[in-house]
Structure formats: C-alpha cells, structure tokens
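Some notes on the structure that comes next.
The values are calculated or read from the model by the stated rules, or taken from the named source; none is laboratory data. Since the structure is predicted, the reported quantities are computational estimates derived from the model, not experimental observations. Glycine gets a Cβ as well: all are built from the backbone with ideal geometry, and neighbour counts include every protein chain shown. Calculation scope for accessible area: heavy atoms of the full protein, side chains included, ligands and nucleic acids excluded. Shrake-Rupley method; radii C 1.70, N 1.55, O 1.52, S 1.80 Å.
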Amino acid sequence: MRSVASVTAAMLFPMWAWLAFPQILLYLYAFTLPLEGVFAVEGVFTLSKGLLGLFLLALVFQIRRPKIAWFPALVLTWRQIPRLRISILAVALLFWACLSYFWSVEPSATWDKLQALAQQLLGALAIAFFIMARPKTLQPLLLAYSLGAIIAAVQGISNYLRNPLSRTTFTGAADAADFAAMVMLGALMAVGLWLAAKSPWMRVYSILCFVVCTVAVVLSGTRSAWVAILVTLALVILPRLGWQRLLSLGLTLGLVGLALFQLPAVNQFLTTRVTSAAEDGGAGRTAIWTVGWQLAQESPLIGHGLGSFTVLFGLGPAAMSNLESIDTYYITDGRGAHNIYLELVTEVGLVGLGLFLAWMWVLLRVSLRQSVHPDLILILKACLLAYLIQGAFLGILERKYLWLTIALLHGLAMMVRGIHYASAVPKP
C-alpha cells in the first residue's frame, strides 16, 4: 500500500509542479528558443512550441494565483482596464488580419499564416500578462534566454573556425541571418543583466555572454544585425549610462574587437561582406523591394490578404515594375519580401501596417520610471528597436524571438506605478 502511495505521489508531483510553478516552463521556453532547431522534428514538432503550450495550460489551470487565471476575470475587472488599453492595438491587428481572409487572393495561404500569427500573438499576450502579474520573473527569463544564446554562439564561432571566410550559423537555424537575430538578442539581454546585476559573478557572466554573442553576430556576416546592434548601442543604451558604466562597456567592446582579430581571416571576411552589399544590391533586396512595391501599389489600403506576398511575387509583377533589368537569379516565384513593412503593406495594407507601427510606438514609449527596473526596460526597448531596424532587411515577422521581445516589453508597459521590481527594504 505504501508503494502505491509513493508511486502515486511521484506521478502527481510533476503535475503539481507544472500547475504551481508555470514560470519554470517559461524559463525553459526562453532557454530553448536559440536552440530550437536542435530540439525540433521538422514540420511536426518543436520543443519551444510544446513548452509554450504547457505554459498556457498551466495558466488556465492556475491554482496558486487564481487572479491571473485568466482573461474573463481580468477583462471584467474595471481596475485592470487601463492596463489592457495597450492590448487593444494587438487585438485590432489580429482582427484586421482575420478580415483580410475575405478579400485574399489566396485564402489557403492566408489561413495558414493567420494560424501562425494568432499563435504568436496570443502567446505573446499570455507571457505579457504573466510578466505584469509577476515582474520578478523577468530577470531569470532574460538569464534563461542568454544561456541558450551563448551556447548557440559558441557553436557558431566553432563552425567559423572550422571553415573560415564562410558565414557562420548554428545547427537548426534557418540561415546565418536567422542565427544572427537570435544571438543578437542574447547579446543585448546580457547588457541588461550586467546593468541590473548585484552579484560580481553575474556581472562577469554578463560580460562574457555579451562578448561571445557579439563575436558570433559579427561572424554571421549579417549586415542588418551589425547595423541594428550598433544603432541601438549608440542611440539607446550608451546615452543613458553614467561614465563608469560607459567606460566598462567601452572596454567590453574593446574585448570584442580583440577577440575578433584573433580569429583567422576575419579582416578579409568583413571586407568582403561590406563591399558585396553595394555590388549585389544587398543580396538582391533592392530588386525584390522594387517588385514588392509594385504589388503594394495595386491595393495600398487593405492589401491582398495575409500571406499573399509570396503567392503574388514573381516575374509577372517584375515586368510591370520599375526594374531596369530583371535578374531572374533574385526574381523567382515565391520569394519573401525581406522587409516586414513592405510585407505588411502588401498583405494587410496601410491599415494593417498602421496598427502594427502604432503598437510598436506605444511599446517604445514606455517610461523608464515605471514599475520595473529602468535598466531592464531600457534594454528591452533596445531589443525591440534592434528588431524593427533588422526587420527593414529581413522577414522576421513570424520569428519567435521577435514575439518574445514584444511580449516582455508589452508586459512591462501594462504595469502601473507602485509595483517595484526590487523587493522593498523592510523598515527597521
């Protein structure tokens, strides 16, 4: 009888832990995002998707904190309405994307992409509400992602050492640009951990993570990631630092440069990547954007329907566009826009693009003096700005790392004054 009770308890304990501590699933989700390709069965299953699903279920059946389980009670509580106003733009964007199904030139493509968008957006809102309710989970979440990113970065650097002069990537990443975008987020999060850390060991880890991830971003050869990380550092992070922190970060950037030039053929590799941008029009992006703009002009207000860009793109629109010559190497059927703004205006029109940009603008205007530690808000704003810059050159609208960034900043934006990240010091 005792053995049956022991077995039953052993079986019930994981379920209790799952329901009582959903933040563990969220930490595992963040950790596996940079390593997603390693734990994936292509076209069938990804570990991160499974973990996010379990996290959502844990929130639905939340037993320790019923106040966040879930939307009906939250929406009907008038005290929460000011916090939810920011979510109206996200819901409106999803609603408009759903409406685009009715005028889509390819309803099946719209349906497929609509499912993906709904999953990403609803998952982001769920994480945002959780961060709003439990702000102390934010810093461990950044740490979990940075751990996954530094593992991916180390393998990327190792791959470069085995094959110098080639753009490095990580097993399972879609390509070098996707790898750079994932690791770039780890580098910026490491800066946030460094700014917020009180432990010397955490500061050392943060500096190491930033150096390794930044080196990996450079070796990826992804020029959009270079621009994004430099602009965010120069315009968002550095002006907010005191001279001591500014000096420390400057020395860390010096370590990045020193580490880079210890690697073989780095000078030649970087020179090739910079000069090739002008020669090939950014790997054909100028030609792709010219054709894409032709598609957008055909229905500028409401677009052609979500997911329609790749369906419409091809030699037909290229012949009607302003291309001086059609390079069939780049103008092939089914190509992506390589620009999230062009993709949005083509698929959901100026209305959809306006909703998306308004949402991003609200998130970027979050005050540094609001509820959570200002250093972490600053870094998350830098992360989002970096992705918005990179989105002008890459199609990252469906990438989970973008939506994780949006979710974290959205959660902070919903907080009200009076909830502090650091524990209050008890009065004597």
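Some observations on this one:
- The range 109-236 shape via C-alpha gyration tensor axes, a/c threshold 1.5: oblate
- Gyration tensor (alpha-carbon) shape descriptor, the range 89-179, a/c threshold 1.5: oblate
- When each of the peptides 257-263, 51-57, 110-116, 405-411 is scored by the mean number of other C-beta atoms lying within 10 Å of its residues, the order from highest to lowest reads 405-411, 51-57, 110-116, 257-263.
- Cα gyration tensor category, rounded, prolate or oblate, for the range 191-264 with a/c compared to 1.5: oblate
- Ordering of 264-270, 385-391 by burial proxy (mean other Cβ atoms within 10 Å per residue, highest first): 385-391, 264-270
- Accessible-area order (highest first, 1.4 angstrom probe) of the listed residues VAL227, VAL183: VAL227, VAL183
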